[in-house]
1. How many residues are open to solvent by less than 60 Å² (accessible area, probe 1.4 Å) and under 14 Å from Val336 (Cα atoms) when one looks only at segment 286-298?
2. Residues that are among the hydroxyl-bearing types (Ser, Thr, Tyr) and in contact with a strand residue (DSSP E or B) (Cβ under 9 Å, 6 or more places away or on another chain): which helices (runs of 4 or more DSSP H) entirely in segment 590-681 hold 2 or more of them?
3. Could you check segment 239-291 and list, in sequence order, the residues that are under 20 Å from Ala301 (Cβ atoms), touching a helix residue (DSSP H, G or I) at 6+ places or on another chain (Cβ under 7 Å) and aliphatic (A, V, I, L, M)?
4. Among the residues of segment 519-546, count how many are hydrophobic (A, V, I, L, M, F, W, C), more than 25 Å from the chain's Cα centre (by Cα) and open to solvent by less than 60 Å² (accessible area, probe 1.4 Å).
5. Within segment 95-122, can you find the residues that are β-branched (Val, Ile, Thr) and surrounded by fewer than 20 Cβ atoms within 10 Å (Cβ to Cβ)?
6. Just the residues that are assigned to a loop (DSSP other than H, G, I, E, B) and in contact with a Phe, Trp or Tyr (Cβ under 7 Å, 6 or more places away or on another chain), please, taken from segment 496-540.
7. Which residues, counting only those in segment 431-448, are part of a helix (DSSP H, G or I), in contact (Cβ under 8 Å) with a residue 24 or more places away in the chain and not β-branched (Val, Ile, Thr)?
8. Among the residues of segment 464-518, write down those that are surrounded by 20 or more Cβ atoms within 10 Å (Cβ to Cβ) and either farther than 24 Å from Ala374 by Cβ or among the charged types (D, E, K, R) (or both).
Amino acid sequence: MNGGLGNAGFPPGSASGQRGRWVLWLPVLLGLGIAIYFALPVEPAHWTIAVSAVLIAAACVLRRNAFGPALIGLVALAAGFSLAQIRALAVASPVLERRIGPVAVSGTVEAVSLGKRGGWRVTIVEPRIARLAREATPRRIRIGIRAAHPAPQPGRHLSVRAILQPPLAPLVPGGFDFARRAWFLGLGAVGFAVSRPTVAPARDSPGWRMRINRLRQRITQRIASALPGAEGAVAAALTTGERGAIPERVLVAMRDAGLAHLLAISGLHFSLVAALLFGGMRAGLAAIPAVALRYPIKKWAAAGAFAGALVYLMVSGASIPTQRAFLMLSAVLLAVLLDRAAISMRLVAAAAAVVLAIAPESLLGASFQMSFAAVVALVAAYESIREWLAGLRADAGPLRRFALYAFGVALTTLVAGLATAPFAAYHFNRLAAFGVVANLLAVPITGLWIMPCAILAFLLMPLGLEGLALQPMGWGIAGVIAVAETVSSWPAAVRLVPALPVAFLALVAAGGLWLCLWRGRLRAFGLIGIAAALLVGWRERPPDILVGLDPDAFAVRIADGVAVAPGTRRFTREYWLRNAGQAKAAVWPGRRGAGDSALACDGLGCMLQRRGTSVALVLDRAALEEDCHRAALLIAAVPVPRRRCRVPDRLIDLWERRRQGALAIWLEPHGPRILSAREVRGARPWTAQYRRNRQTIRP
């Protein structure tokens, strides 16, 4: 007995008492190194990779030295930094520098998915693009094809005329970097088809990825045929990960009710599939006495559950949440095979380390952050009440077991909801108020009805009898959709949140990790980090003006909220409004009903007077003669001759905007403060600035 002491007799809240948990912090340091790499304004020199090798060698030599633990932590930090840099160099491929087309495009179809507004998104590998040199041709592109044309199969050869452009830069400084994500996906261009595609058999045999993608496509089509409508679209999302066919109303209802996690295949779905397969196989083998008495049926069932989970991983698309769930599940099943008990928090740490080592860029994604935040918080919560729950389960009758199940669902929903809420607010600018209620109703339907039917549908599909299972599955999905629509219709069911700074995310992550990984009274210090994050988010002041990538894309914060210029593209408009935490835009002045006297517009542009600064938004050259003399800050949608137009603070014309990217402007009493996307992004491999500085990128 330790009498409440931790490792080697130390108090559990002390640093020495945490010795058995230091290993849990290695993935944290690995992630910190990755974060440092992505936060740099310039690409580090390649020799920094060699530093990690030296540190690893030193750690091996001095591991028993007093400096050993600190050196190991430094190795994890340096390893994360180097892994991210190596990954960025390894995926390097040509990126289209400017918009081209229509041009003839041909290549092999790698993957096909449904577009958000209909049609198909087709990924093509090793394309040939007319009028583009082979060395400048991207290795992978993605184009949209209209729904009127049939979806091509992965592995086929496709020819089409298309308009192509580079992957999109951030729409606001510090916002989601579409180009960075495309870089790590190997996408060098995106676009849309302007002609009917021609599909023919490929000359070479398709690789295993294309074969799996083809299988996913066929399964999705068979589900849609047997179960049409929203229920079939959700069934496809739960089985193959294809969410493009889900109606917008269903997506909005699920998101606002806090049930969006049910549409993304993750730990819940994998654990249900594995548990059903494991339990079913073990019960079936136990029913055969000759087998049950002679062979290790528990291990056989674990092996069968692993095989089923592996198939599910491949068919579902192997996203970050599914990778994490599969890795943790594999460790649990391996422990069964080796007759050993698995340590849950160490499983989470190992899964995080493996995912970050394979794809360091996943650290920046919402799926990685939210899935691991939920799992870490749940494991920490159940660790703290494990003994209490064990006492309640002892000699529990049916009524108590049901009560414990309901309590478990409620606690899981509450803990996971609280853990993921800050990340949902940061990435998606919204919070669901009644998620606990919705999950209490929807999760049991998913676990006890929908997923068993999904497994049965998979088993019946080779026989062509999947409809027998898909129809009952549709009834369960209809029930979940009804729950989502009911809960999301309640007053104040969802709260929109304006954009939050990166410091908010960093403080929440640091505070949450300390709260979950540290043991003892000192874990309460994690609440300080979370409180600081809330303070930083509350003090964040949104910009007064946003300037987009297109010439006439502007947004101005007025009395009624953010107003967006009429010429702004729909995608940019929706992104800006979500970023501002608004459901709809305020009326742009110049239209009937506008009500902000500080902003006045006509057909040539707008003038804004705020905090002693006059800002001109010029849409037409005809406005330059007047606005150049009365504006302190002039932002134009056209080129402006510098010699003829001199403004006190700054002139930003079309050419300057193309160099700087999107702009956010705060009007201060001492003058405007301007932040550009180029300034935030720096010169990194996925930016045009980096590629201009270095004509070739050598992987």
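The values are calculated or read from the model by the stated rules, or taken from the named source; none is laboratory data. None of these values were measured; they are calculated from a predicted model. Note that each Cβ is placed from the backbone with ideal geometry, even for glycine, and that neighbours are counted across all protein chains shown. Accessible surface areas use protein heavy atoms only, side chains included; no ligands, DNA or RNA. Shrake-Rupley method; radii C 1.70, N 1.55, O 1.52, S 1.80 Å.
1. Qualifying residue count, segment 286-298: 1.
2. Per the criteria, no element qualifies.
3. Of everything in segment 239-291, those that are under 20 Å from Ala301 (Cβ atoms), touching a helix residue (DSSP H, G or I) at 6+ places or on another chain (Cβ under 7 Å) and aliphatic (A, V, I, L, M) turn out to be Leu272, Val273, Ala274, Leu276, Leu277, Met281, Leu285, Ala286, Val291.
4. The number of residues fulfilling the criteria is 2.
5. Ile100, Val103
6. Leu500
7. Hits for segment 431-448 are Gly435, Ala438, Asn439, Leu440, Leu441, Ala442, Pro444, Gly447.
8. Scanning segment 464-518 gives Glu466, Ala469, Leu470, Met473, Gly474.
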